[in-house]
Amino acid sequence: MTQQERIYLSPPHMSGDEIKMVEEAFATNWIAPLGPHVEAFERETARFAGVEAALALASGTAALHLSAELLNIGRGDLILCSSLTFAATIAPFYHKGAECAFVDAEPESWNMSPKALEAAFADCARAGRLPRAVIIVNLYGQSCDMDPILELCARHGVPVVEDAAESLGSLYKGKRTGGFGRFSVFSYNGNKIVTTSGGGMLLSDDAEAIARARFLSTQARDPAPWYQHSTLGWNYRLSNVLAGIGRAQMLHLEERVAARRRIFDRYAAELGGIEGLTFMPEPGWSLSNRWLTTLTFQNPLSEKPLAKKPLAVSPAEVLDHLAGLNIEARPVWKPMHLQPVFEKARYYPHEEGRDVSADLFNRGLCLPSGSGMTDAQQTRVIGAVKEALAKEALAKEALMKARAPKSL
Ligand SMILES: *Cc1c(COP(=O)(O)O)cnc(C)c1O
C-alpha cells in the first residue's frame, strides 16, 4: 500500500504575500542587519497588542531570556511558573540559576489555576520569601484567567511574564493577549499560527526596558566610537528578511484564527459525540485562536472516571494508529513538575490531592490543526481517529475474552 500524503500537526501556512515583502528586502538590499521591515514589524505588533514597545528577536526563547535579564533574575531567586507548558517557558530562568516552583492548571482553561497560585503565594508568605516573578502561559492559544492572577501578583508586588507564544490573536475579555505581562512574549516558530520560519517578539509598556533589551540583544555596544562594553550582551535580533515574512503573515492573522476555530468546531462536531471524548473547554472570558485542537480521553488510566462508560483506548494508542497512517498528532505537554530535570521542584496542585496538569497530560491528545489543512485532510484525520477507537477497543475486547476463564 502506498503511503498517503503526510498531514502535519501545525505546518507553516504561507499566503503568497510573504514573497513580496521578501523581494522588497532583496530589492533594497536590506538583507541584514535589521532594516525597515524590522522597525515596521515592531511598530505594528506593539500597536496590535496594545503596548508601548516591542522588540523583534530571533526566537520566543530569546524574548523569554531577555525578560529574565530585565527582571535581573539571579541565582536562588524564586520563580513561580505554570507547570503545563513547553520547557522553553522556564528554560531561560532555570539557566539564570533561579529556583523554579510550579503551579498547576485549572480544569476550566487548562492554564494557571488562580487557586493554586493563591496557595503558592500563601506558602511563600509563610516562608517569608516572595517569588521574583510569576510566569503565566496561554496554552494552545487560550488565555489564562488574567484578572485573578494579575490581582494576586499586583497585591504581592510581583511582576508577571506572559508567555503568549501560542496565543497570538486570542482574546481575554475582548483584549488581545500579549499585553498582560510586565513583559509578554510571542513566538514565530515554524509551527505557530504566524511564522517567520523562526522568530519572536518581546513586548512591554515599559519602553525604557525594551530599549535596554534592544541594547542587550545587539551585543551591548556602548555609544562610543570603538567597540566598548560596560556589560556583555547577545546577538538575538531578527533579520529584515524574516521580519518581512512576519509582516505579511500578520495581514492574514484574523483568517488564520477563523480557520483554526473552524477546524476545532468540526472536530468537536464529528468526534464530540463519542462518549469519553472531551474537547478543551473555552471559558466565557476567552476567545482562543485554537492553535491546536486538543481533547482528553476518559480511559482506564484516569483516577476518577467522569464518563459512565470509560473508553477502552488510550491517547497513546490513537497517536500510534494515526502515525501509522502518516498523520502527525502529539500528546499534551508533559508538565514541568513531572520532568526529570525538575524532580525536586516545589509544586502547587489545583486542589489538595488533585493534579489537573498531570491528568491532562495522561489523557490528552493534540490533533492536526494547521490553518492550511483542507477539508479532505481533516476528513482523513477524523476517520482515522474513529477507526483507532473502534479497532483498539475490538482488539482489547477479543483479548479479554480469550483470557477469561472458561467457566465465565
Ligand atoms: C513555541 C513556544 C515557545 C518558544 O518559542 P520559540 O520561538 O520556539 O523559541 C515558548 N513557549 C511556548 C509555550 C511555546 O509554545
With criteria (1) modelled with pLDDT of 95 or more; (2) out of contact with any helix residue (DSSP H, G or I) (no Cβ under 9 Å at 6 or more places or on another chain); (3) aliphatic (A, V, I, L, M), Ala307 comes up short on (1)
Within region 1-20, restricting to residues that are surrounded by fewer than 17 Cβ atoms within 10 Å (Cβ to Cβ) and not in a loop (DSSP other than H, G, I, E, B), the one that is farthest from the chain's Cα centre (by Cα) is Lys20
Reported set for region 330-344 where residues are surrounded by fewer than 22 Cβ atoms within 10 Å (Cβ to Cβ) and either part of a helix (DSSP H, G or I) or not basic (Lys, Arg) (or both) is Pro331, Leu338, Gln339, Pro340, Val341, Phe342, Glu343
Selection from region 84-108 of residues aliphatic (A, V, I, L, M), out of contact with any Gly (no Cβ under 9 Å at 6 or more places or on another chain) and more than 16 Å from the ligand (Cβ to nearest atom) yields Ala101
Ala46 fails exactly one of (1) at pLDDT 95 or above; (2) not in a helix (DSSP H, G or I), namely (2)
Checked region 109-164 for anything touching a residue at least 40 places away in the same chain (Cβ under 8 Å), among the small types (Gly, Ala, Ser) and more than 16 Å from the ligand (Cβ to nearest atom); matches are Ser113, Ala116, Ala119, Ala120
Filtering region 54-70 for residues that are crowded, with 20+ Cβ neighbours inside 10 Å and more than 9 Å from the ligand (Cβ to nearest atom) leaves a count of 8
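Condition (residue is among the aliphatic types (A, V, I, L, M), within 14 Å of the ligand (Cβ to nearest atom) and within 30 Å of Leu71 (Cβ to Cβ)) applied to region 191-199: is it met by at least one residue?
Of the residues in region 191-199, the ones among the aliphatic types (A, V, I, L, M) are 193-194.
Keeping just the survivors that are within 14 Å of the ligand (Cβ to nearest atom) gives 193-194.
Checking the rest, the ones that are also within 30 Å of Leu71 (Cβ to Cβ) come to 193-194.
Yes, that holds for at least one residue.
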Q. When you look at Tyr172, is it within 30 Å of Gly284 (Cα to Cα) and of a type in the set (Ser, Thr, Tyr), yes or no?
A. yes
Selection from region 25-43 of residues farther than 22 Å from Arg212 by Cβ and surrounded by fewer than 16 Cβ atoms within 10 Å (Cβ to Cβ) yields Phe26, Ala27, Thr28, Asn29, Ile31, Ala32, Pro36
For region 165-190, the count of residues that are within 16 Å of the ligand (Cβ to nearest atom) and part of a loop (DSSP other than H, G, I, E, B) equals 13
Within region 203-235, residues touching a Lys or Arg at 6+ places or on another chain (Cβ under 9 Å) and within 16 Å of the ligand (Cβ to nearest atom) come out as Ser217
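The values are calculated or read from the model by the stated rules, or taken from the named source; none is laboratory data. This structure is a prediction, so every number in the text was calculated from the model and none was measured. As a convention, Cβ positions derive from the backbone with ideal geometry for all residues, glycine included, and neighbour counts pool all protein chains shown.
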